[in-house]
Amino acid sequence: MLTTDSAADAAIRHRILQAIFERRLPPGEKLTEERLAELFSVSRTIVRHALVRLAQDGIVAQRRNHGATVAAPTRSETRQFLAVRRMVEPAIVTQLAGMLNAQDASRLRDHLAAENAARKSGDRPTLVRLTGEFHLLLAELTQNNVLVRLLTELQALTCLAILLYARGEHEACPPDEHSQIVAAIIAGEGKQAAALMLKHLDHVEAEMDLSEPAARSVDLAEALGIRPRKIRTAKG
């Protein structure tokens, strides 16, 4: 049974994650213990525990004498965790295709219906959050808590990377991609579900500019606005 403190700790982490999934909490945003304690009406100790947990998952960055900030993944880090997603998520849907029961199938259909409702009503923050939580639901249906924790971290970091590196205005996942994955899972087509998941993750990455900026040499004199002196040569 959760204690009051652990329940408060979990509530803080949930709200921070939800704000990240809805892309309302940007990378680099400072998370002040005092302010969070005031907002949640809890002690700073509870806030500190919540931030430490998020830092352990890589979602929050903590630096000595600088406090906590929302993580800002680099392009290199983004490529790395997207590579991990390509390893893990096709395996998840392959597993589900061989074990899904009627109740689980109903949960997936209900989630797709919620996505479509948010899309139809124009509720973009909710839609963005739900399309991210779709991947967490798949992990949850495996009943493997390690996968749930891993996908929570990866999805949060993906949301932050999208805010940093999206090509223009990044919309939520296209409606047909999730529905096609679910249809393959329910039909027991594990290979097809895995292929569709890979295609979906490729689409997510293609929406971001993850190429490293080319190194550019700087002329120091030009940068400082100083006209270099002409060097006099000695006459023979």
Cα extents of the chain per principal axis, largest first, Å, are 95, 47, 34
Here the FRET efficiency for V88 versus R227, based on Cβ atoms and R0 = 45 Å and rounded to 0.05, is 0.20
If the cut-off is a Cα-Cα distance under 16 Å, which aspartates and glutamates reach K120, setting aside same-chain residues fewer than 8 apart in sequence? D110, E171, D176
For the stretch 121-139 and the stretch 89-109, what is the separation of their C-alpha centers, rounded to whole Å? 17 Å
Applying 1/(1 + (r/R0)^6) with R0 = 35 Å to the Cβ-Cβ distance of L198 and K30, what FRET efficiency is obtained, to the nearest 0.05? 0.45
Students often check this: by mean Cβ neighbours within 10 Å, which of 149-162, 91-104 ranks highest, and how do the rest follow? 149-162, 91-104
How long are the semi-axes of the ellipsoid equivalent to the stretch 27-100, from square roots of 5 times the Cα gyration tensor eigenvalues, in whole Å, largest first? 33, 18, 8
With θ taken as phi - 60° and the coefficients 6.51, -1.76 and 1.60, list the Karplus ³J(HN,Hα) couplings across the stretch 139-145 in order, rounded to whole Hz; mark glycine and proline as x. 5, 4, 5, 6, 6, 10, 5
Can you give me the C-alpha center-to-center distance between the stretch 68-87 and the stretch 28-53, rounded to a whole angstrom? 24 Å
The chain, helix-only ellipticity at 222 nm - DSSP H runs n ≥ 4, -39,500 (n - 2.57), divided by all residues, nearest 500: -21500 deg cm²/dmol
Quick one: which residues, 5+ away or cross-chain, put their amide H under 5 Å from the amide H of L210? H built at 1.01 Å from N. none
Please work out the ratio of the alpha-carbon Rg of the stretch 110-173 to 2.2 N^0.38 Å and round it to two decimals. 1.19
Where a ≥ b ≥ c are root eigenvalues of the Cα gyration tensor, a/c under 1.5 meaning rounded, otherwise prolate if a/b exceeds b/c and oblate otherwise, the stretch 7-70 counts as rounded
Rounded to the nearest 10 Å², what accessible area does H66 have for a 1.4 Å probe in the complete protein model? 100 Å²
Given C-alpha coordinates of the stretch 75-206, what is the ratio Rg to Rh with the Kirkwood estimate of Rh? 0.94
Anyone know which of T45, T126, T78 comes out most mobile in the 10 Å Cα GNM of the chain? T45
K191: which aspartates and glutamates have alpha carbons under 13 Å from its alpha carbon, excluding same-chain residues fewer than 8 sequence positions away? E89
Per the C-alpha gyration tensor (a ≥ b ≥ c, the square roots of its eigenvalues), the stretch 1-124 is rounded if a/c is under 1.5, else prolate if a/b beats b/c, else oblate; here it's prolate
Rounded to the nearest 20 debye, what is the charge dipole size of the stretch 75-206 about its Cα centre when +1 sits on each Lys and Arg Cβ and -1 on each Asp and Glu Cβ? 140 debye
With the crude spin-label approximation of a point 7 Å out along Cα→Cβ, what separation in nm comes out for R109 versus R124? 3.2 nm
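The values are calculated or read from the model by the stated rules, or taken from the named source; none is laboratory data. These numbers were taken from a predicted model, which means no experiment stands behind them. Every residue, glycine as well, gets a Cβ built from its backbone with ideal geometry; the counts of neighbours run over all protein chains shown. Calculation scope for accessible area: heavy atoms of the full protein, side chains included, ligands and nucleic acids excluded. Shrake-Rupley method; radii C 1.70, N 1.55, O 1.52, S 1.80 Å.
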